[in-house]
Amino acid sequence: MLHETLIRLWHNCEDSEASELYELQEFLHPGEKELLQCILEIASDYHKIVAFCDKIRNTKHDESTIKVVNEAVIEPHISPSGLYIQAFANGVLEVLKDYTNEIIRLEESFLQNPQLPLIFVFSSLEKYKILFNMLKSVIEVLQKDNLSGCLLMGRLHKYIYCGVETIANAAEKITQSLNSIFYRHLCNWIIYGDLVDIYNEFFICDGRCPDEDFLYPEQIEENSLSSSWTIDRKNRIRRPPPVRKFYINWSMVPMFINEDIAERILFMGRIVWIVRNDPKKVSQDQYQTKYRRDIWEGKDIEYYKKVQALEKQVFNQVEFQHAIEECRIKLTKYLWSVMVEEGNLKEHLQLIRDYYALGRGELFHQFIAVAENHLKGTSVEHNTYNLNFIFLEIARKIYGENDKTYLKFELATSKSDTSSTNLWSQLQLNFEISWPLHIVFHPKSIELYNKLFSYLLRLSKTQIDLHKLWHSHMASKKNIDRRVWTLRQHLLFLVNNLQYYLQVDVIEAQFSVLLKAVENANEFEDIIKVHHEFVSNLLAKTFVLTPDETHTYQNKHRLHQMPAVQFNVPSKVYNVIIRLLELCDKFCLVAGTWETELTEPEVAEFEEFQKRTDTIVETLLFILYRLHEKANGQHLLQLLYQLDFNRYFTKSKPDFNLTNAP
């Protein structure tokens, strides 16, 4: 009887063999029958678990080979082709070795003493009942929730701290089996930027396509992933290489890894991938062994082993974060040094100030004056080539051979802003950005810089036209009507002060803050953050876009951060300023034809100009005053003082009182 029981405990008997064992129960005491039934239940649980593991281990890594298992065993509905489920099965079988060793010891005891009672067998195996129940429960959860990959680790993690030593030890052994797969995935990703995951089990996924956040419109159309520089057929400026898309599959993130750590791991691997795919080194090394940057400076094996060593122990949040953070600091400092030293970050920032923010006023003043005749009666799009020729010629004459930075820029036509009827508002600049600065000055930020460029160019054009009108009136020997003279001076006063505020109080001040922050930065992530804040403040304080007050700076471990502005939502101040500029343009066009004595239609037209000017000025001052009263509107105080000097426009309006302003 005892021998047949041991056989049943070790081997999953056929139905005929099992029936013989049940027939022997007729000769047993009712208490022994109950003991035998409990022992057979333990054996049944063991064989079901083993059958599940054998099915997993014997399945080829091919989804087409998955077949339905006999209903008598635990059926693996989950995909048995993954590395993690294979490691899970191996870990479970390793845990079951204690059970098989116990059966061997029982058999040795039986050979020495054939009269051993069933209670002795049951007392030896009873401790495995709770273990088998746990294993069955885990397997059932895996089947029910169709768990795979990293999620298996999260399900086992809670059992390590359950307080039951048998279960905790078993969960730890199985977890260590899974760790060997997880940490190899992790090390390959953060150390080498490689993602070898054919079964999609790791929580970092390869999109196998370019990241749309770093693609320009023409690159989106091409939709190609090339490691070399791409040249737009229409444009002279070269676009940077696409950045490969990697993302987090949040449904696969283990429960013991929080959002910040997951974002950090994604961020690190992307840095390594970008650095190892330097297009300049590839293009310069066509006839030699392919060069790859040593981002770890010869210590990649050392860092690899530091992270891999974590697989031999129970997951420790502090040690895990420490190892990840140590690698992150190394990576982000290296990329920062590449950007500052090789990418010439400060030079790029200066070029953005000089060209997008019209810091080189002499260049754009002369360009507007010369190009104006080429835009009359035609569209900007048809004259792009001529405008670029004019731009380059003027820049060459002004700067000569000493400064050729203008070759990094090219005028183009905005395809997004088709609502504006003013041709100057449709011009934008393409900027040839050096690798790896293209991940800081990404397409969205360049789009926002172009919004600022078009805005400032439009303002400069109006300012030049007003000065031309002033020069025309001064050069004329005719006496200009005093009312026309006064209105022109008011408009010129408003435009000049707006120009000064934008260029000096905002742009120069913000660039000064940015450059100081870049000098104090020592990590790549610091550069992303200060540039994010700079673009947000620049677009908001120049009134180009409406600030997004609900925006919060996202996890800093990201390559791409959206500025805190509402895209395609101009501020109220911007709309009023555009109305003012349109009024000035029309006034310059009409006032240039007026004679000394205004006719009645001209007087009516002038009065309409005056009325519209008063309305626009009042609206502008009212909006600025209300924005100034907000906590984030203190920067507008200086502009209000400049526009409403000595309360010239608001002396009859007691509501506009800045004397008590803080």
**OP:** Scan region 390-427 for residues that are farther than 26 Å from Glu341 by Cβ and either assigned to a loop (DSSP other than H, G, I, E, B) or at pLDDT below 90 (or both) and report the count.
**Re:** 17
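Hey, among Thr59, Thr65, which residue is at pLDDT below 75, within 45 Å of the chain's Cα centre (by Cα), open to solvent by 30 Å² or more (accessible area, probe 1.4 Å) and among the polar types (S, T, N, Q)?
None of the other options fit; the residue is Thr65.
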Subject >> Among residues of region 520-574, those that are out of contact with any helix residue (DSSP H, G or I) (no Cβ under 9 Å at 6 or more places or on another chain), farther than 21 Å from Val440 by Cβ and assigned to a helix (DSSP H, G or I), counted >> reply: 0
Original post:
Restricting attention to region 186-219, which residues are over 30 Å from Lys305 (Cα atoms) and in contact with a helix residue (DSSP H, G or I) (Cβ under 6 Å, 6 or more places away or on another chain)?
Top reply: Tyr216
**OP:** Identify, by number, the condition in (1) buried (at least 17 other Cβ atoms within 10 Å of the Cβ); (2) more than 15 Å from Thr486 (Cβ to Cβ); (3) in contact with a helix residue (DSSP H, G or I) (Cβ under 6 Å, 6 or more places away or on another chain) that Thr619 doesn't meet.
**Re:** (1)
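So, Cys205, is that one assigned to a strand (DSSP E or B), over 27 Å from Ala412 (Cβ atoms) and modelled with pLDDT of 90 or more or not? Explain how you work it out, then say what you get.
Details: assigned to a strand (DSSP E or B): yes; over 27 Å from Ala412 (Cβ atoms): yes; modelled with pLDDT of 90 or more: yes.
Criteria met by Cys205.
Could you list all residues from region 356-370 that are in a helix (DSSP H, G or I) and open to solvent by less than 10 Å² (accessible area, probe 1.4 Å)?
Within region 356-370, the first condition is being in a helix (DSSP H, G or I), and the residues that meet it are 356, 361-370.
Within region 356-370, Tyr356, Leu363, Phe364, Phe367, Ile368 meet the criteria.
So, in region 114-127, of the ones that are in contact with a Ser or Thr (Cβ under 8 Å, 6 or more places away or on another chain) and touching a residue at least 24 places away in the same chain (Cβ under 8 Å), which residue ends up most open to solvent (accessible area, probe 1.4 Å)? Steps first, answer last, please.
Here is the first cut: in region 114-127, the ones in contact with a Ser or Thr (Cβ under 8 Å, 6 or more places away or on another chain) are 116, 118, 120-121, 127.
Add one more test, that the residue is touching a residue at least 24 places away in the same chain (Cβ under 8 Å), and what stays is 116, 118, 121, 127.
Details: Leu116: 33, Leu118: 14, Val121: 3, Lys127: 108 Å².
Looking at the filtered set, the residue picked out is Lys127.
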Original post:
Ile507 is checked against (1) of a type in the set (Val, Ile, Thr); (2) open to solvent by less than 10 Å² (accessible area, probe 1.4 Å); (3) farther than 26 Å from Thr462 by Cα and fails just one. What number does that condition carry?
Top reply: (3)
Original post:
Do we have Glu602 as open to solvent by 10 Å² or more (accessible area, probe 1.4 Å) and over 16 Å from Leu492 (Cα atoms) here?
Top reply: yes
Original post:
What do you reckon, is Phe182 touching a residue at least 40 places away in the same chain (Cβ under 8 Å), farther than 19 Å from Asn316 by Cα and either open to solvent by less than 70 Å² (accessible area, probe 1.4 Å) or not polar (S, T, N, Q) (or both)?
Top reply: no
Original post:
What are the pairs, 6+ residues apart or on separate chains, where a residue within region 136-151 that is under 17 Å from Leu178 (Cβ atoms) has its Cβ under 7 Å from a residue that is charged (D, E, K, R) and open to solvent by 10 Å² or more (accessible area, probe 1.4 Å)?
Top reply: Val138/Arg155; Val141/Arg155; Leu147/Arg155
**OP:** Collect the residues in region 575-619 that are aromatic (Phe, Trp, Tyr) and either assigned to a loop (DSSP other than H, G, I, E, B) or in contact with a strand residue (DSSP E or B) (Cβ under 9 Å, 6 or more places away or on another chain) (or both), keeping them in residue-number order.
**Re:** Trp594
Original post:
Is region 550-560 home to any residue that is surrounded by 21 or more Cβ atoms within 10 Å (Cβ to Cβ) and among the polar types (S, T, N, Q)?
Top reply: no
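Which ones in region 524-543 are touching a residue at least 40 places away in the same chain (Cβ under 8 Å) and under 19 Å from Ser571 (Cα atoms)?
So in region 524-543, the residues touching a residue at least 40 places away in the same chain (Cβ under 8 Å) come out as 524-528, 531, 535, 538-539, 541-542.
Correct list: Val535, Leu538, Leu539, Lys541, Thr542.
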Original post:
Do you know which residues across region 428-449 are of a type in the set (A, V, I, L, M, F, W, C) and over 24 Å from Tyr385 (Cα atoms)?
Top reply: Trp435, Leu437, Ile439, Val440, Phe441
**OP:** Identify all residues within region 454-508 that are more than 49 Å from the chain's Cα centre (by Cα) and among the aromatic types (Phe, Trp, Tyr); write none if there are none.
**Re:** Trp470, Trp485
**OP:** Could you please give the count of residues in region 68-111 that are at pLDDT 90 or above, part of a helix (DSSP H, G or I) and open to solvent by less than 30 Å² (accessible area, probe 1.4 Å)?
**Re:** 9
Original post:
What are the residue pairs meeting all of these: first residue in region 243-267, first residue within 29 Å of Trp435 (Cβ to Cβ), second residue hydrophobic (A, V, I, L, M, F, W, C) and open to solvent by 50 Å² or more (accessible area, probe 1.4 Å), Cβ atoms under 7 Å, and 6 or more apart or on different chains?
Top reply: Arg244/Leu225
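Touching a His at 6+ places or on another chain (Cβ under 9 Å), part of a helix (DSSP H, G or I), buried (at least 18 other Cβ atoms within 10 Å of the Cβ) and not basic (Lys, Arg): is that true of Ser454 in this structure? Spell out the reasoning first.
Working: touching a His at 6+ places or on another chain (Cβ under 9 Å): no; part of a helix (DSSP H, G or I): yes; buried (at least 18 other Cβ atoms within 10 Å of the Cβ): yes; not basic (Lys, Arg): yes.
It is false that Ser454 is touching a His at 6+ places or on another chain (Cβ under 9 Å), part of a helix (DSSP H, G or I), buried (at least 18 other Cβ atoms within 10 Å of the Cβ) and not basic (Lys, Arg).
The values are calculated or read from the model by the stated rules, or taken from the named source; none is laboratory data. Because the structure is predicted, anything quoted here is derived from the model rather than measured. Note: ideal-geometry Cβ built from the backbone for every residue, glycine included; neighbour counts use all protein chains shown. Side chains included, ligands, DNA and RNA excluded: accessible areas come from the protein's heavy atoms. Shrake-Rupley method; radii C 1.70, N 1.55, O 1.52, S 1.80 Å.
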